[in-house]
Structures are given as structure tokens and as C-alpha cells.
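The structure appears below as C-alpha cells.
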Amino acid sequence: MTSNRREFIKAGALGAAALSTGMLGAPSPAAARTDHKPLDILVLGGTGFIGPHMVREALRRGHSVTLFNRGRTDAGAFPDLETIKGDRNNGLDGLEGRQWDVVIDNSGYVPRHVRDSARLLAPNVAHYVFVSTVSVYADFTSDAPESAPLATIADETVEQVTGETYGALKALCEKAVMQEVGAERTTVLRPTYICGPGDRTDRFTWWPVRASRGGEMLWPGQPGDHIQIIDVHDLALFTVDCVEQKIAGTFNTATPESGYTMGELLADCRAVTAAEVQDIWVDEAFAIAASANAPVRNHGAFPVWHPQRGPDAMGAQFIAHAAREAGMQTRPVRETIRGLLGWWATLPEERTSKLQAGLPAEYEAELIARWKKQQG
Ligand SMILES: NC(=O)c1ccc[n+]([C@@H]2O[C@H](COP(=O)([O-])OP(=O)(O)OC[C@H]3O[C@@H](n4cnc5c(N)ncnc54)[C@H](OP(=O)(O)O)[C@@H]3O)[C@@H](O)[C@H]2O)c1
């Protein structure tokens, strides 16, 4: 569990290095349409975790894509695409005098960087998509539609992105795009935990990977505890829908609408993996203490789960009606799990042996023994 609430989505976004991944799963009805004219799309980033999924989906639908990045992350990912080399921090020269139909900005964290690129590109593009986050909200204890109050920061010139500043800075980034491009030409997407092939944080991945090993498995809280995720493929499909249909507005992107619980996650893991899992549920206090004392893994001992009660409670559901009304479709989580495990099986042992989140096996066994003893 990540103790800092605001940090909960930041870690993955910042930590993601690149992996080339294929699109998995069925395309949305919008994706199947062929009545959109090919567009010239500029992707700011494009070689991190979510970027490649968006790039591939756009290419699959017949659009042209130009990438803008520093060439540090997975530089060989798209050898056939034009890549403009530059830095969002005062290095936008390569974008000057160029025109595109649409910009997809999925690498904006610092308001000044986002404002600079939005100001430069606004006269030369018809539409701008900014990938934000649900971490922009001020309060994670009550349900949040897009209109919920946003986090603020005392000094808006701060450029250091930390767990504390991430959400408020992303909110300022959103504002900068709106001001420079105009609300009628801007789409802001606010994803919850993004999961799928290429995610280097292993936050959601950990659950199915651990379940696939079988045996006694520790589960935090109660089966009815809610979690929210978005499959990276569904996010990519909806992003390109927004691009093609020029859908303006601000959208929480989360799945599924009806809510999803840890108990359902267990059932879905069981349905997909052949392994026998004996679930052992520990109460929140035990889980919080276990997490606090866990051997360090970058993204928490019980990733994606948050306490629903008590001082660390984070019971908010991010309401995604608007995205659904605009056409976003989300696949069953079971399908996400199947895709993740398929991808995981293709990775080298060097990678799979270094899970970035979850409980190390020995520590989990120790906790289970302690819990059983405590229960008498
Ligand atoms: N992961 C999640 O669960 C989650 C949840 C909610 C929202 N988000 C949002 O999703 C986005 C993250 O996407 P991601 O993980 O695919 O990308 P990312 O890791 O944040 O960005 C990587 C891409 O941006 C480029 N880049 C980074 N710094 C740059 C700079 N100074 N100038 C130019 N290019 C730069 C990288 O290439 P180079 O290194 O070669 O420059 C790479 O192409 C973020 O906007 C984040 O807020 C993520």
C-alpha cells in the first residue's frame, strides 16, 4: 500500500520506462470504423508506457504519427515514424512552424512545460488531448465527478514533481492547456491506475502474477473493498476516439462503472489462472502495519488497494459516466488479467524476477503465519 494518497498514481507515471507492446483485446466499435479521414497526430512522449499503445492504435486506424521526445526512452521503438528530438524544458524548437491535426500530450507534468508546448502548438493544431490523472482531485474520501474540487499548491511556480506536488501540478497543467488552446478544442483525460502490458510499476500486474503462483495468498481488507483501474488498451482506444471525433471535455477514465472489488479481483484471477489460490484476508490494521514494515518494493506491498476506513481511508470512486457517454468502452477486468499474464509470460526472467510491487514471498509467508497465530 502506498501511504501517501496523492502519490498513488504518480509513481507509475514517473517511473515508466519504455517497452514495446502489442495491442491486445478487441477493438471498440469506434476503432472498427473507417469513416474518419487520416489525421496527422503529434504525440508528445510516445515511448513510455501508455504512449506506445496510443501510437499503435492511431497507426492501426490509418493515421500518421509524429513523436516528440528526447530520444532517451526506448529510442528504437518506432523506427518508421518521424521523431522530433527535443526537450519539453526549453527545447521545443523542432516543433516550430509545423502543423498537425491533433496533439496527444502524455508526458506533461510541469505546468510551464505544458503551457510552452500548448502555446506554441495552439495556432497550428485543431485539437489537443492532455493526459492528466485522477490525482488532480483535492479529496480522495468522497466520490469525484469531473467537477469535484481540484488540488492546489501554495507556490504555483514549483517544478519539482513529487508525491506531494504531482496532483496539483497536473491540475495546473490542465489549466494551462485550457487557457492556451481553449476548452472547445481540448480533451483532458483523467485515468485512475493504468494497467496493461508495458507497465513497469507492476502495481495491478502483481495480483494476477501472484495468484498464478497459487497457494496461500494474503489479501488486504475485505472482499468488498473497492479498487479502480483502467486497461491501457481501453484508454488508448478512447484517446483515439477523442482525436477522431474531436470530443472536447474533461473525462475520468476508470473501469468498470458498476464498481470493482478486491473480491472480484480474486475471482477473476482464479478464473484466468489454473493455480489454486487459498485466500487469507487480513484486516486493515494488519495490512497497514504489514505494508509499513515490508521489504522495499518501489510501488507498495498491496498495490492498487487502499484502506476504506480509518485515517488512511481513500474510499473515493472516480465517476466515469461522462467518458462512457462519450463512447468509452471498457473490457471486463478478466480480459485485462488474461492479457497481462500473456504479456508477462513473454518477458525475460531477469525482468519477472524483479517485481516492483507486492509482497516478497518470504515476507508473505511470515505474515500469514503471524496472522494465523494472532487469530488463534
Ligand atoms: N501510470 C499510471 O497509472 C497513470 C495514471 C494516471 C495518469 N497517468 C499519466 O499518464 C502519463 C504517463 O504516460 P507514460 O508512462 O507513457 O509516459 P512517461 O513515462 O511519463 O513519459 C515518457 C515519454 O515522454 C518522453 N519525455 C519524458 N520527458 C521528456 C522531456 N523532458 N521532453 C520530451 N520528452 C520527454 C519520453 O521520452 P524520452 O525519455 O526519450 O524523452 C517518453 O516518450 C502521464 O501524463 C501521467 O500523468 C499515468
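Among the residues of this structure, VAL296 counts as one that is at pLDDT below 90, closer than 22 Å to ILE368 by Cα and among the hydrophobic types (A, V, I, L, M, F, W, C). Looking across segment 80-106, just one residue is within 26 Å of the chain's Cα centre (by Cα), closer than 11 Å to SER117 by Cα and surrounded by fewer than 14 Cβ atoms within 10 Å (Cβ to Cβ), and that is ASN89.
Consider segment 153-175 and keep the residues that are among the polar types (S, T, N, Q) and exposed (fewer than 15 other Cβ atoms within 10 Å of the Cβ). The one that is nearest to the chain's Cα centre (by Cα) is THR162.
Selection of segment 182-209 for residues being among the hydroxyl-bearing types (Ser, Thr, Tyr) and out of contact with any strand residue (DSSP E or B) (no Cβ under 8 Å at 6 or more places or on another chain) yields only THR201. Being at pLDDT 95 or above and farther than 30 Å from ALA271 by Cβ is a condition met by at least one residue of segment 187-205. For PHE130, the requirement of being assigned to a strand (DSSP E or B), touching an Asp or Glu at 6+ places or on another chain (Cβ under 6 Å), near the ligand (Cβ under 10 Å from one of its atoms) and under 25 Å from ALA171 (Cα atoms) is met.
Among the residues of segment 113-143, those identified as of a type in the set (D, E, K, R) and in contact (Cβ under 8 Å) with a residue 60 or more places away in the chain are ARG115, ARG119, ASP139, ASP143. On the given criteria, is ALA118 modelled with pLDDT of 95 or more and within 15 Å of the ligand (Cβ to nearest atom)? Yes.
Table: residues versus (1) away from the ligand (no atom under 13 Å from the Cβ); (2) over 30 Å from TRP371 (Cα atoms).
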{"residue": "THR152", "(1), (2)": "yes, yes"}
{"residue": "GLU156", "(1), (2)": "yes, yes"}
{"residue": "VAL161", "(1), (2)": "no, yes"}
{"residue": "TYR166", "(1), (2)": "no, yes"}
{"residue": "THR186", "(1), (2)": "yes, yes"}
{"residue": "LEU189", "(1), (2)": "no, yes"}
{"residue": "ILE194", "(1), (2)": "no, yes"}
{"residue": "PRO208", "(1), (2)": "yes, no"}
{"residue": "ALA211", "(1), (2)": "yes, no"}
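Close Cβ contacts (under 9 Å, 6 or more residues apart or on different chains) running from residues in segment 56-79 that are within 22 Å of LEU92 (Cβ to Cβ) and in contact (Cβ under 8 Å) with a residue 40 or more places away in the chain to residues that are hydrophobic (A, V, I, L, M, F, W, C) and within 6 Å of the ligand (Cβ to nearest atom) comprise THR73/ALA16.
The values are calculated or read from the model by the stated rules, or taken from the named source; none is laboratory data. Since this is a predicted model, take the numbers as computed values, not measurements. Please note: Cβ atoms are built from the backbone with ideal geometry, for glycine as well, and neighbour counts cover all protein chains shown.
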